[in-house]
Each structure stands twice: as C-alpha cells, then as structure tokens.
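Structure record follows, encoded as structure tokens.
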Amino acid sequence: MFLDEKTIEVVSGKGGGGVCSFRREKHVPLGGPDGGDGGKGGTVFLRANEQYTTLLDMGNAYRYQADAGATGESANRTGHSGKDIFVDVPRGTIVRDGEGRILTDLTEAGVSWVAAQGGAGGMGNSRFTSAQNRAPRQHTQGKPGEKRILNLELKLMADVGLVGFPNAGKSSLVRKISSAKPKVADYPFTTIEPVLGIVQSHGKSFVVADIPGLIEGASEGKGLGHRFLKHIERTRALLFVIDGSDENAFHSYELLRNELEAFHPKLLEKKFVVALNKCDLDISAAKKAFKKHKRSFIETCALNGEGTGELADSLCSIIYENVKKEWK
Ligand SMILES: Nc1nc2c(ncn2[C@@H]2O[C@H](COP(=O)(O)OP(=O)(O)OP(=O)(O)O)[C@@H](O)[C@H]2O)c(=O)[nH]1
Ligand SMILES: [Mg+2]
C-alpha cells in the first residue's frame with residue numbers, strides 16, 4: 001500500500017516542581033534556603049530522516065510521549081530534565097494541525113522541528129531570597145507539557161514524475177529504466193497508486209514516480225490521476241509519455257500540458273522530456289507533428305528497450321545539471 005497520510009499524537013513532558021528546603025548543617029543554626037529548581041520536561045521533536053521513504057517506515061505508534069522533568073532537590077540541586085524524543089519522519093513530510101493548517105514542512109534531511117515543547121521546571125525557594133526575605137518558603141510548580149494531534153502527509157520526493165494518458169506505456173517505461181516493477185496491461189488505469197523506482201545512469205541515481213494515467217478534466221477531479229497530481233508538484237522534472245502510434249499524439253501532449261496548467265501553472269515551469277513511446281509501431285505522424293511544433297522528443301520502445309537508455313541519460317542530465325545544483 002502506498003501510505004501517504006498518518007495522524008500522530010505528541011505529548012511533551014511536564015516540568016518538575018521547584019522545592020522548598022533549608023540548609024541544615026552542624027554549627028550553622030540558621031541555614032539559608034537551598035531548594036533547587038525542577039527539571040525541564042522532555043520535548044518531542046520531529047526530524048526529517050533521509051533513510052525513510054514512506055510514513056510506513058515510522059512504524060505503528062500513534063502516541064509519542066516525552067518524560068516529565070524531575071522535582072528539584074535540596075542543596076540547590078536542579079531536578080533531572082526529561083529526555084527529549086526525536087520522532088523520525090521521511091524527508092518531505094508536511095505537518096498539519098487538526099484544522100489542516102500547515103505547521104511545518106520537513107524538506108531538508110536532518111532538520112528537526114519542535115512538535116511539543118517540554119514544560120519549564122518550577123523554581124526552588126532559594127530563587128526567592130531577597131534582602132527583605134532571607135528565608136522564603138515560596139517555590140513554584142513546573143509548567144505543564146503540551147499535547148498536540150498532528151496530521152502528517154508525505155508528498156513523493158521523486159525527481160521525475162511521469163505524466164501521460166492511460167495506456168501510453170508509462171509503467172512499461174518505468175520497468176525498463178528503473179528497479180521498480182509496476183503492473184503493465186493493455187487496459188487503461190492499470191496503475192492505480194503511484195510507484196517509485198530508482199534509475200541508475202552513469203553512476204548517478206534518481207527517483208521516478210509512475211503515476212496513474214491522467215485524462216481530460218483530471219485537474220477538476222476526473223479519473224484517478226488527479227489525486228496524484230499533487231505528488232508531482234515536488235518533482236524536479238517531468239517526463240511526458242506519449243503513445244506515438246496515436247495519430248493525435250501532439251494533441252494529447254497539449255491536452256496533458258493544459259491539465260497540468262489548470263491544476264497548477266507552476267507545473268509547466270518544470271524541466272521536462274517528451275518520450276514518444278511505442279516507436280516499434282508507426283509513429284511517423286506523431287514525429288511529424290512534434291517536429292512541426294519544434295518540440296524535441298526521444299523515441300522509445302518500452303517493449304524492446306530502444307531509446308530507453310537515452311531517455312534515462314537525458315533525465316539524469318536535467319536532474320543533475322540543472323536541478324541538483326540548487327540543493328548544494
Ligand atoms: N507496441 C508497444 N506496446 C507498448 C509499448 N509500451 C507499452 N506498450 C503496451 O501498452 C499497454 C499499456 O502499457 P502500460 O505500461 O500499462 O501503460 P500505462 O501508461 O502505465 O497505463 P495506465 O497505468 O493504465 O495509465 C500494454 O499492453 C503494454 O504492453 C511499446 O513501446 N510498444
Ligand atoms: Mg501504468
């Protein structure tokens with residue numbers, strides 16, 4: 001199953017109480033106040049972990065609770081702090097509160113975010129000593145911890161998103177160029193959930209996402225693909241997979257671009273490659289139309305592998321030359 005949403009509860013630790021205590025020593029009849037502060041409660045952090053690829057990697061836990069801080073002690077000893085906990089989430093996790101407001105977006109590996117702040121420890125009575133009051137009995141309680149329900153959502157962190165109409169051969173191409181083995185069949189909507197695959201080219205690697213076929217009106221919610229359009233918002237580049245044996249191939253390509261634009265105009269600003277697939281069949285009409293519109297393309301055949309090496313190289317170079325340098 002492709003899990004991309006999950007709800008968790010985070011609870012930070014309460015601060016330990018400050019104490020009231022007076023120094024007792026032989027030969028010192030009136031020892032001063034020496035009540036220590038309470039320890040700080042543990043904080044719950046969410047941390048982006050590059051090793052995680054889906055929210056499933058987090059396991060089944062729902063509640064993440066940090067320990068309370070310990071009560072202060074005499075001799076001005078501060079209580080122990082509650083241990084902080086780090087909840088690892090996949091890179092790219094978006095965190096929302098119960099009302100759907102975005103709280104943070106954990107895009108960078110290793111970055112942590114305070115999900116529930118541990119309560120501050122209370123003050124011991126020695127803190128209240130003043131010229132007027134040399135023997136204060138006053139001390140304060142620790143502050144309570146926080147409790148929050150968080151909705152996590154992971155947008156695929158694929159480098160390349162495949163877009164195409166059903167049956168264009170997207171999954172077949174993914175099988176050829178990557179390690180993934182999505183199902184292929186000669187009926188539309190074979191792919192119903194996105195599948196990620198790792199492509200290796202000249203010692204570099206990148207991730208492609210095979211997404212369900214789009215249809216006209218997808219941006220308004222028609223078909224299956226619309227549910228997954230949001231996943232390609234974050235990809236670094238797009239691969240348009242066009243069935244070259246379709247004589248209206250260029251029109252299909254324009255329809256796809258219109259759907260993307262209607263969903264989010266920024267999608268069209270991404271770098272892209274066009275694969276005219278099924279080049280084992282007659283694709284001359286499609287080639288002519290693409291040439292006429294000065295649109296470059298790569299001819300591929302997902303069945304015999306023709307052109308798929310060139311396709312992988314071309315995707316790799318746009319990812320690495322144009323995009324990955326932004327991350328440095
Ligand atoms: N002749 C030929 N057939 C192909 C080629 N690539 C894919 N096919 C066939 O086209 C059909 C659809 O292939 P898929 O890879 O499932 O297509 P898809 O775009 O993933 O389809 P959806 O998941 O339904 O959107 C299958 O019968 C494939 O065998 C190709 O290069 N040449
Ligand atoms: Mg498919």
> With the calculation restricted to Cα positions, what are the radius of gyration and Dmax of the chain in angstrom?
Replying inline: 29.3, 106
>> Per residue, how much accessible surface does the chain expose to a 1.4 Å probe? Answer in Å², no decimals.
In response: 51
>> Taking the Cα centre as origin and putting +1 on Lys and Arg beta-carbons and -1 on Asp and Glu beta-carbons, what dipole magnitude results for the range 151-228, to the nearest 20 debye?
In response: 280
> Shape of the range 186-283 from its Cα gyration tensor (a ≥ b ≥ c, root eigenvalues): rounded if a/c is under 1.5, otherwise prolate when a/b > b/c, or oblate?
Replying inline: rounded
> Using 17 Å as the cut-off for backbone N distance, which residues of the range 70-102 belong to the label zone defined by a point 7 Å from the Cα of ASP57 along Cα→Cβ?
Replying inline: 86-95
> Ordered by residue, what ³J(HN,Hα) values in Hz, to whole numbers, does the range 11-22 give under the Karplus form 6.51 cos²θ - 1.76 cosθ + 1.60, where θ = phi - 60° and Gly and Pro are x?
Replying inline: 10, 8, x, 6, x, x, x, x, 10, 10, 8, 10
> Label-point separation (nm) for GLU220 and ILE102, each offset 7 Å from Cα along Cα-to-Cβ?
Replying inline: 2.7
> Which aspartates and glutamates have a Cα less than 12 Å from the Cα of LYS83, not counting those fewer than 8 places away in the same chain?
Replying inline: ASP67
> Dipole of the chain, Cα-centred, from +1 at each Lys and Arg C-beta and -1 at each Asp and Glu C-beta, to the nearest 20 debye?
Replying inline: 1320
>> Of TYR62, GLN117, GLY17, which is farthest towards the positive pole of the range 1-154's charge dipole, taken about the Cα centre with +1 and -1 on the beta-carbons of Lys, Arg and Asp, Glu respectively?
In response: GLY17
> Along the range 257-265, what does the Karplus equation 6.51 cos²θ - 1.76 cosθ + 1.60 (θ = phi - 60°) give for ³J(HN,Hα), rounded to whole Hz, x for Gly and Pro?
Replying inline: 5, 5, 5, 5, 5, 5, 6, 6, x
> Out of residues 5 or more away from VAL163 or on other chains, whose amide H comes under 5 Å of its own, with H placed 1.01 Å from N in the peptide plane?
Replying inline: LEU239, PHE240, VAL241
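Ranked highest first by the average count of other Cβ atoms within 10 Å around their residues, in what order do 10-16, 243-249, 278-284, 181-187 fall? The partial results should precede the final answer.
Values: 10-16: 26.9, 243-249: 20.1, 278-284: 17.6, 181-187: 11.7.
So the peptides 10-16, 243-249, 278-284, 181-187, ranked by packing, come out 10-16, 243-249, 278-284, 181-187.
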>> Can you give me the long-range amide H partners of CYS279? Hydrogens built in the peptide plane at 1.01 Å from N, cutoff under 5 Å, separation of 5 or more residues or another chain.
In response: THR300, CYS301, ALA302
> Between LYS181 and GLN200, what is the label-to-label distance in nm when each label sits 7 Å out along the Cα-to-Cβ direction?
Replying inline: 1.7
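Between their Cα atoms, which of LYS266/LYS294; LYS222/LYS291; LYS183/LYS292; LYS204/LYS230; LYS222/LYS288 are more than 29 Å away from each other?
LYS222/LYS291; LYS183/LYS292; LYS222/LYS288
Take each of the peptides 106-119, 164-177, 21-34, 89-102, average the number of other beta-carbon atoms within 10 Å over its residues, and list them starting from the highest. Walk me through the numbers on the way to the answer.
Values: 106-119: 18.6, 164-177: 24.8, 21-34: 12.5, 89-102: 16.2.
Highest mean packing first, the order is 164-177, 106-119, 89-102, 21-34.
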> Once amide H atoms are placed 1.01 Å from N in the peptide plane, what residues at a sequence separation of 5 or more from PHE45, or on another chain, have their amide H within under 5 Å of its amide H?
Replying inline: ILE85, PHE86, VAL87, ALA115
> To the nearest 10 degrees, how steep is helix 308-317 against the longest Cα principal axis of the chain, on a 0 to 90 scale?
Replying inline: 40
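What percentage of the solvent-accessible surface of the range 160-327, computed with a 1.4 Å probe over protein heavy atoms, is contributed by carbon and sulfur atoms?
On the way: 3860 of 7930 Å².
Answer for the range 160-327 is 49 percent, counting heavy atoms of protein chains only.
The values are calculated or read from the model by the stated rules, or taken from the named source; none is laboratory data. Just so it is clear, the model here is predicted, and its values are computed rather than measured. Using ideal geometry, Cβ is built from the backbone for each residue, glycine included, and neighbour counts are taken over all protein chains shown. We work out accessible area using only protein heavy atoms, side chains counted, and drop any ligands, DNA or RNA first. Shrake-Rupley method; radii C 1.70, N 1.55, O 1.52, S 1.80 Å.
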